[in-house]
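Enquirer: Before anything else, here's the structure in question.
What follows draws every value from the coordinates through simple rules; no lab data is involved. None of these values were measured; they are calculated from a predicted model. Note that each Cβ is placed from the backbone with ideal geometry, even for glycine, and that neighbours are counted across all protein chains shown.
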Amino acid sequence: MKIVTFGELLMRLTPPGNFRFAQADTYRVVYGGAEANTAISLSQMGHKLHYVTQLPDTMIGRTAIREVMKWGVNVDNVKFSGEKMGIYFLERGISVRGGQIIYDRKNSSFSEVDENSFDWESILDGADWFHWTGITPALSEGTARACLKAITVAHKMGIPISCDLNYRGMLWKYGADPKDVMPELISMSTVVLANEKDVANYLGIEPTEDDYQEVEGFGKRCHEFVSKALVERFPNIKTVVTTLRQTINATHNRWSGVVYHEGSFITGKVYDLNSIVERIGGGDSFMGAYLHGVLEYKDQQMALDFGLAASSLKLTVPGDYNIATEQEINHFMNSKSVGRINR
C-alpha cells in the first residue's frame, strides 16, 4: 500500500533521565513529529510510505531526514528551503510530576510552505491513503493552505483520508480561529481520531453533562456524543476513533479505545501500563497501527486491538516513534507471558 503523510519534522531536545529544564546541562537529540511518527510505524509493517515536509538545507535538516529514511520511508518529495529547524523541548514527567513541552517552531522552514509548495497531483498519484493531523494547519496560514490543497486533491482523486485532530492550543498563534480553518479540512476526511477537546476547539461542539457516560475504568466519557456529532455534521466521515486514557500518574496509565463505524461502537482491550518509559508518540503509533489493521485485516475490531497493542508497546520505547514490527505486536497481543525474554 502506498501511504502519504504530510507534516513538520522536528528536533526534540530532552534533558537526561528525569532532570528538569532548570537542572539540565546537556540535552539528548531525537527527531520526530506526528506525521513522521505515523509514517515510520507504518513502514515497519511493510507499507510504502511517502513523507512530505520542508526542512532547512543545513546539516541538521539533512540529518533529521536521514533519520526518517533509515526506517524505510520515501522522502523524494521533501523540499529544502528556509533557515530554521522546528524544535521542541521535552521535560519528562515521572510519578506525580507531569511532563512539560516548550515549542520553538515560529518561522521554521516548514511554516513557510503554502498551497503552491508541492505538486500534490504527482505526489498522490497511485496513493492508497493520505494522512494528516490538526497540528499542520495550526502552524501558519501557509501550512493551513498547503494542508487544504493536499486534502482537496486527495479527495478529488478518491483517496481515503485519515486525520488525527490533535488540538494543540499553544500552536495556534498566527491569528486564525481554528473554527474558521478546520471544518473544511475535516469535511473531506474518511477516518478521524478525535475527542471532546478536539471537537469543542475545532468545531464549537460542546458536550453537556447528559452527553457523558460512565466507562468502567475510565470515569465519565463522551465518545458516543463526539462520534455521532462528527458523522452527522460531515457525511464523508465513515469512522471515528477515540482513545481512552486514565492518567493515574505520569508513568502509570490505563489505555484503551473505541471505534464508531457504520452506526456501531466497537470497544478495545484495556491495558494497564504502570512503567511508561516514553509518553510522546503513543497516539501516533496507535494511528499507524490502526490504519495498518484497517488496510490489512479489513476488520474494525482487529484494527482497534492491533492499534492498542502497538501503542502500548510504544510507551516502552524511548523516542518519538514506534519501531515495533507486525510480528512483535502480534506476539505481544497473543502472549500469555508479558515481559519475558523472547528466545
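Enquirer: Only Cα pairs under 8 Å and at least 6 apart count here; give the relative contact order of the chain as a rounded whole percent.
Expert: 14
Enquirer: Would you work out which of Tyr103, Leu193, Leu139 lies farthest towards the positive end of the dipole of the chain? Charges go on Cβ: Lys and Arg +1, Asp and Glu -1.
Expert: Tyr103
Enquirer: Quick one: check the C-alpha center-to-center distance for region 278-292 versus region 34-72, whole angstrom.
Expert: When both Cα centres are located, 15 Å separates them.
Enquirer: Let me know the shape class of region 20-114, please: from the alpha-carbon gyration tensor, a ≥ b ≥ c as square roots of the eigenvalues, rounded when a/c is under 1.5, otherwise prolate if a/b is greater than b/c, or oblate.
Expert: oblate
Enquirer: Per 0.36 nm of contour for each residue apart, how much would the distance between Lys179 and Ile87 grow if the chain were fully extended, relative to their Cα-Cα spacing?
Expert: That pair, Lys179 and Ile87, stretches by 30.5 nm at full extension.
Enquirer: Let me ask another. I need the calculated FRET efficiency for the pair Gln301 and Asp76, taking r as the beta carbon distance and R₀ as 41 Å, to the nearest 0.05.
Expert: Working from the Cβ atoms, E equals 0.70.
Enquirer: Using a 7 Å offset from the Cα along the Cα-to-Cβ direction at both Glu262 and Glu115, what is the distance between the two label points in nm, to one decimal?
Expert: Calculated label separation equals 3.7 nm.
Enquirer: Using label points projected 7 Å from each Cα along Cα→Cβ, tell me how many nm separate Glu206 and Glu328, to one decimal.
Expert: The answer from the label model is 4.4 nm.
Enquirer: Need one number: nm distance between label points at Val317 and Ser335, each 7 Å from Cα along Cα→Cβ, rounded to one decimal.
Expert: In this crude spin-label approximation the distance works out to 1.4 nm.
Enquirer: To continue, here is another question. Averaging sequence separations of C-alpha pairs under 8 Å and six or more residues apart, then dividing by the length of region 151-198, give the relative contact order as a whole percent.
Expert: 56
Enquirer: Using the Cα gyration tensor of region 192-343, with a ≥ b ≥ c the square roots of its eigenvalues, what is the shape: rounded (a/c below 1.5), prolate (a/b larger than b/c) or oblate (neither)?
Expert: Prolate, because a/c is 1.5 or more and a/b exceeds b/c.
Enquirer: Still on this structure: Just Asn249, Asn195, Asn166 to compare: in a GNM of the chain, with alpha carbon springs under 10 Å, which one fluctuates most?
Expert: Among Asn249, Asn195, Asn166, the largest GNM mean-square fluctuation belongs to Asn249.
Enquirer: Among Asp284, Asp180, Asp198, which one shows the highest mean-square fluctuation when the chain is modelled as a Gaussian network with alpha-carbon springs under 10 Å?
Expert: Asp180
Enquirer: Taking the Cα centre of region 2-327 as origin, sum charge times position over the Cβ atoms of Lys and Arg (+1) and Asp and Glu (-1), and report the length of that vector in debye to the nearest 20.
Expert: Here region 2-327 has a charge dipole of around 780 debye.
Enquirer: While we're here: Which order do peptides 172-178, 317-323, 37-43 fall in by mean Cβ count within 10 Å, highest first?
Expert: Packing order, densest peptide first, comes out as 37-43, 317-323, 172-178.
Enquirer: I'd like to compare 238-244, 78-84, 150-156: which one has the highest average count of other Cβ atoms within 10 Å, and what's the full order after that?
Expert: Descending mean neighbour count gives 238-244, 150-156, 78-84.
Enquirer: If the only charges are +1 at each Lys and Arg Cβ and -1 at each Asp and Glu Cβ, what is the size of the charge dipole of region 196-343 around the Cα centre, to the nearest 20 debye?
Expert: Once rounded to the nearest 20, the dipole reads 520 debye.
Enquirer: Another question about this same structure. Starting from the Cα gyration tensor of region 13-68, take the square roots of the eigenvalues, sort them a ≥ b ≥ c, and report rounded, prolate or oblate (rounded when a/c is under 1.5, otherwise prolate if a/b is larger than b/c, else oblate).
Expert: Oblate shape, in that a/c is at least 1.5 and b/c is the bigger or equal ratio.
Enquirer: Please work out the FRET efficiency for the pair Met59 and Arg233, using the Cβ-Cβ distance as r and a Förster radius of 45 Å; give the result to the nearest 0.05.
Expert: In this case the efficiency is close to 0.45.
Enquirer: Cα-Cα over 23 Å: which of Lys228/Lys314; Lys197/Lys228; Lys84/Lys314; Lys2/Lys238?
Expert: Lys228/Lys314; Lys84/Lys314
Enquirer: How large is the charge dipole for region 173-277, taken about the Cα centre, if only the Cβ atoms of Lys, Arg (+1) and Asp, Glu (-1) carry charge, to the nearest 20 debye?
Expert: 380
Enquirer: Just need the relative contact order of region 238-302 here, percent rounded to a whole number, with Cα pairs under 8 Å and 6+ apart.
Expert: Once normalised by length, the contact order is 25 percent.
Enquirer: Can you give me the C-alpha center-to-center distance between region 118-175 and region 208-222, rounded to a whole angstrom?
Expert: First find each Cα centre; the distance between them is then 31 Å.
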